[in-house]
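Input: one structure, supplied below.
Laboratory data are not the source of any read-out in this text; all were calculated from the coordinates shown. Computed from a prediction, not measured in an experiment: that's the story for all the values here. Don't worry about glycine lacking a Cβ; one is built from the backbone with ideal geometry, like all the others, and counts go over all protein chains shown.
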C-alpha cells in the first residue's frame, strides 16, 4: 500500500542542530541545519523502506521550538 504522507517531529537539539523523528515509524535522524536535516530524512526513509513504492509522496515537518520565560 502506497504511503501518501509521513510526518516528522523536528526539535532543536540543546547542543546545537536538529533532531527529527517520524510518527508511527522507527525513523530518527539529526543534522546541524534544516537543509541537511531534510536530506538526512530522505536518506533515512530510503533505508527504512526497501521498495520505492512504499515510500511516502509527501514528508511533513512539524518544527517544535521550546521557549521559556519568567512570569512575575
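What 222 nm value per residue comes from the helices of the chain, counting each DSSP H run with n ≥ 4 as -39,500 (n - 2.57) and dividing by all residues, nearest 500 deg cm²/dmol?
One gets -7000 deg cm²/dmol as the mean residue ellipticity at 222 nm.
Also: Could you tell me how many degrees, from 0 to 90 and to the nearest 10, lie between the Cα long axis of helix 34-48 and the main elongation axis, the longest principal axis, of the Cα atoms of the chain?
The helix 34-48 is inclined about 40 degrees to the chain.
A further question on this structure: Over the chain, what is the percentage of antiparallel beta bridges among all DSSP beta bridges, to the nearest 5?
Roughly 55 percent of the DSSP beta bridges within the chain come out antiparallel.
Ranked highest first by average number of other Cβ atoms within 10 Å, how do 14-23, 61-70, 44-53 line up?
Listed from highest to lowest mean packing, they are 14-23, 44-53, 61-70.
Which label marks the calculated value of Rg/Rh (Cα atoms, Kirkwood Rh), given the options (1) 1.02; (2) 1.08; (3) 1.20?
Comparing each candidate, only (2) matches the computed number.
What's the extension gain from residue 46 to residue 32 if we count 0.36 nm per residue and subtract their Cα-Cα distance?
So the chain would gain 3.0 nm between residue 46 and residue 32.
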